[in-house]
Each structure stands twice: as structure tokens, then as C-alpha cells.
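Colleague: Have a look at this one.
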Amino acid sequence: MTRPGAALAPLALTPEEWESELRTVGARSFHGKQIFRWMHVRGVLEAERMTDLSIRLRESVARMQPELTYSVASERRSTDNTRKIFVRLRDGALVETVLIPGVSGNPGLLPSPVSAREEDADAAAASDDDEPDEPEPAGSDARVRVTQCVSTQVGCAMGCIFCASGVAGLKRNLGADEIVAQVVAGRARLEPDERLRNIVFMGMGEPLHNYAATARALRLLTHPEGVALSARRITVSTSGLVPEIAKLGEDFAGNIGLAVSLHAADDDTRSRLMPINRKYPLPVLMDALRAYPLPKRRRITIEYTLVAGRNDEVSEAKKVARLLRGLRVKINLIPMNPIDASTLGPPSLERVLAFQKVLCDAGYSCFIRRRRGDDVGAACGQLALLGAKPKVRVDRA
């Protein structure tokens, strides 16, 4: 399921690996840093444009053809300025990544006629609202902060019934270079008054099902010589792969944000919505969350997609409150976004607010996910393979 030839993909190499790769043509430590900065900071993949390298080094880089890593096939812009970017990879496969602009000076929350606790897309998933914010660069206050949602697989094997990414199954894993390429493509399309603030691994695919590439991409995106994002500004979402949750916590000391797709508080309902629950049922998953090494003032994000008639009763909210008792969590409620392969849909606003009230009254920070980009198929759960045919109708579960 992993593409061939990914081991030495140029955009997946660290500065140290570049030095090693090109040592025979005279590369030294600073050359590795120069190449890495060209690609990751400036977004330049064409060797001939790396003007501070010797001709010999540029020729060696050119032979690896980094410029073929990706191209942008098309872009769709929503009325709310959310952009869905279709990234074409070296083998012709297409993946989708989304840029979600927030509001100047506020990374996570927006005023709303619906609720003061309504959340701006995935931004708050990557930033705890009770944690002191990082100092802003001088003069950056007026810049719009953007959250980017990236994909980790072409398709998805998890088969959740409310998500378009998996309706045609898993085609292949992405390499770390192809994950990072989405960030390179997204940064190149930021407006002059925007800056990349958060990255959420919530696009096509299950990030922890492609753990090695996901972990390498995390190290590349947080590398001090590259984009240098703070680990607390990156969130990895999972449907509940328990061994890999433990590995993520161990490998990154809990500093990478963890979001867990819950969607039900009993095994029967969750197994109907999410087949992975049959392998890792709720008691096992809850034990994994309790063991996750959270730093102080950090919380696990619980994602809960509300599907009309399936998991949206007030009684379900009470079960969620009991299930999560004692865990440091915040809860994102996501009224289901429509997908072509399903007749399922969201509950009424009244039912959503009633569900939220139960959780807030139980003492949880609970947000309602604002729809962003649904008019261009860029909202949560809507990323899909273009032209893919579903294996089965996903609403029959």
C-alpha cells in the first residue's frame, strides 16, 4: 500500500540526511541545511534555483527530481475563503488538503449567532484555549491565522459511515514527502495577510494507520531549520488505533496534540458507525487515552460527529459524559456534513444544542464545529477521491 521508491524522497530528508546523501560530491553540514531551507522554508524544489549551492551540488539534487514530488491540479475557494487544494503526486494520485482561515488575532473562536462556544473549524483542536498563547512575532497581530488540514493516505481503510474519504477504500499510503508537500503547496497559496498557524492531520486517511510516514512528517514540520512549527500547534486525529496512540505518545512525549474520533459512547453504536471499534473497543481505547502522556494544561480533543437518528439523543450525551469522566478532554461536536455516498445527515440545531448543554453542564468544554468550506466539499468528512465509486452504501450500517 506504500508507493515504491519513497525511502530517499527528497522532501522527506532531514538536513543531516542531505549531508550524508551528497557527501560524495562534497556536501557538508551547512549544505544540508541550505537544501532543507530551500525546500521547506522557501518552497523551492527546483535545484537550479538553489543559487547558493555549487553547480555540482545542484546537479546532484536535480538528479533526484524533487520538483516532481507534487503539482497543484486545481483549487476550489469557498464563500468563506476556505480553500480546498487538489495535490497531484508523482505517480498521478490525487489528495486533498484544506486551508481554513480564522479571524485576525483569534486562532480558535469566532463570535456566532448560534453559540458562544461554536468553534472555527479545526483551529482549536491544535491549540488549548486555556493554555497561555505563544508570543507573536512583532507586527503579526493583524495577520489572519490559517489552519491547514492535511491528508496521510489516498483513500482510507477505516470505513466510518459518515466520512467520504473511505467510501472507495484505501488506495495507498502517502510518503512523508507527500504529506509535507501539501504544506509546501498550502504555504505557497497563503494570502499576503495570512500565516500558517496550525496543522491538523485530519484529511483523507487515518494518520496512525500510516504511522512511520506520519511520524517522519511531524519531525520534518517541527524541524528548527524548516517550517519550525511548535508541536503544540499540530494535532493528529485518529479513529482509535490503540497501539499507535501509545507509540505517538512515547515518540513525541505527548507534545503532539491528539484528537480522537469517538462518535458514540457504547460499543454497539460505535461499531456500527466505526468498524475499527470491533478491534479496539471503548474500554481499551479509554485505557489508552488515560495512559497518553499529556503535558500540563493540555487536553485530548474528542471529536463527536452527530448523525441524525444514530447518536444524537440527550441520553447519548449523558453516556459520553460518563465515559469521559476523569479524562482531560475538550469535546468538538460536528453536525454531520452531507456526503454523496450516504443519505445520513445532521440533526436539527435544537438537538445539537441540547446535546451540547448536557456536556457543558457536566463540566466539559464543548464546542460546536462551525461548517467551513462545505460549498466546495472541504468540510469535515467531505474529502474524497475524485470520481471514486463507493464499495457499498455507507449508510446501511
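The values are calculated or read from the model by the stated rules, or taken from the named source; none is laboratory data. Note that the structure is predicted; figures quoted are calculated from it, not measured. Here Cβ is always computed from backbone atoms with ideal geometry, including for glycine, and neighbour counts include all displayed protein chains.
Colleague: Out of all the residues in the range 221-239, which are over 15 Å from the mean Cα position of the chain (by Cα) and within 24 Å of Lys171 (Cβ to Cβ)?
Modeller: none
Colleague: Turning to a different aspect of this structure: Scan the range 61-84 for residues that are within 19 Å of Leu11 (Cα to Cα) and buried (at least 20 other Cβ atoms within 10 Å of the Cβ) and jot them down.
Modeller: Passing the criteria: Val61, Pro66, Thr69, Tyr70.
Colleague: Name every residue in the range 40-80 that is in contact with a Lys or Arg (Cβ under 8 Å, 6 or more places away or on another chain) and not polar (S, T, N, Q), in order of residue number.
Modeller: Narrowing the range 40-80 to residues in contact with a Lys or Arg (Cβ under 8 Å, 6 or more places away or on another chain): 43, 47-48, 50, 68-73, 75-78, 80.
Once the filter is applied, which keeps residues that are in contact with a Lys or Arg (Cβ under 8 Å, 6 or more places away or on another chain) and not polar (S, T, N, Q), the range 40-80 yields Gly43, Ala47, Glu48, Met50, Leu68, Tyr70, Val72, Ala73, Glu75, Arg76, Arg77, Asp80.
Colleague: Taking only the range 258-287 into account, find how many residues are buried (at least 20 other Cβ atoms within 10 Å of the Cβ), part of a helix (DSSP H, G or I) and touching a Gly at 6+ places or on another chain (Cβ under 8 Å).
Modeller: Total satisfying the criteria: 3.
Colleague: Here is a check on your reading of the model: is Val61 under 17 Å from Arg197 (Cα atoms), aliphatic (A, V, I, L, M), at pLDDT 95 or above and not assigned by TED's automatic domain parsing to the domain that holds Cys366? Steps first, answer last, please.
Modeller: Values: under 17 Å from Arg197 (Cα atoms): no; aliphatic (A, V, I, L, M): yes; at pLDDT 95 or above: yes; not assigned by TED's automatic domain parsing to the domain that holds Cys366: yes.
So Val61 fails the test.
Colleague: Just one of (1) among the β-branched types (Val, Ile, Thr); (2) at pLDDT below 95; (3) surrounded by 13 or more Cβ atoms within 10 Å (Cβ to Cβ) trips up Thr24, so point out which.
Modeller: Failing condition for Thr24: (3).
Colleague: Is there a residue being farther than 21 Å from Ile331 by Cα, in the same structural domain as Tyr292 (by TED's automatic domain parsing) and over 13 Å from the mean Cα position of the chain (by Cα) anywhere in the range 257-264? Before you say what the answer is, go through the steps one by one.
Modeller: Going residue by residue through the range 257-264, those that are farther than 21 Å from Ile331 by Cα are none.
No, there is no match, as no residue in the range 257-264 is farther than 21 Å from Ile331 by Cα, in the same structural domain as Tyr292 (by TED's automatic domain parsing) and over 13 Å from the mean Cα position of the chain (by Cα).
Colleague: Further, regarding this structure: Out of (1) part of a loop (DSSP other than H, G, I, E, B); (2) in contact (Cβ under 8 Å) with a residue 60 or more places away in the chain, the odd one out for Thr97 is which?
Modeller: (1)
Colleague: Also, quick follow-up: On the basis of being assigned to a helix (DSSP H, G or I) and closer than 27 Å to Ile161 by Cα, does Leu248 make the cut?
Modeller: Details: assigned to a helix (DSSP H, G or I): yes; closer than 27 Å to Ile161 by Cα: yes.
Taking the combined requirement at face value, the residue satisfies it.
Colleague: For the structure I just gave you, tell me whether Ala253 is aliphatic (A, V, I, L, M), surrounded by fewer than 23 Cβ atoms within 10 Å (Cβ to Cβ) and under 15 Å from the mean Cα position of the chain (by Cα). Break it down into steps so the answer makes sense when it comes.
Modeller: Details: aliphatic (A, V, I, L, M): yes; surrounded by fewer than 23 Cβ atoms within 10 Å (Cβ to Cβ): yes; under 15 Å from the mean Cα position of the chain (by Cα): no.
No; evaluated as a whole, the condition is false for this residue.
Colleague: Scan Pro224, Pro243 and give me the residue that is part of a helix (DSSP H, G or I) and without any contact (Cβ under 8 Å) to a residue 12 or more places away in the chain.
Modeller: Only one candidate passes the filter, namely Pro243.
Colleague: I'd like the residue in the range 22-34 that is in contact (Cβ under 8 Å) with a residue 24 or more places away in the chain and either charged (D, E, K, R) or part of a loop (DSSP other than H, G, I, E, B) (or both) and, out of all such residues, is nearest to Arg219 (Cα to Cα).
Modeller: To start, the set of residues in the range 22-34 that are in contact (Cβ under 8 Å) with a residue 24 or more places away in the chain comprises 22, 25-27, 31, 33.
Pick out the ones that are also either charged (D, E, K, R) or part of a loop (DSSP other than H, G, I, E, B) (or both) and you get 22, 26-27, 33.
Values: Leu22: 21, Gly26: 26, Ala27: 22, Lys33: 15 Å.
The residue in question is Lys33.
Colleague: Within the range 35-59, which residues are assigned to a helix (DSSP H, G or I) and surrounded by 20 or more Cβ atoms within 10 Å (Cβ to Cβ)? Full working, then the answer.
Modeller: Kept after step one, since they are assigned to a helix (DSSP H, G or I), are these residues of the range 35-59: 35-40, 47-49, 55-59.
Correct list: Ile35, Phe36, Trp38, Met39, His40, Ala47, Leu57.
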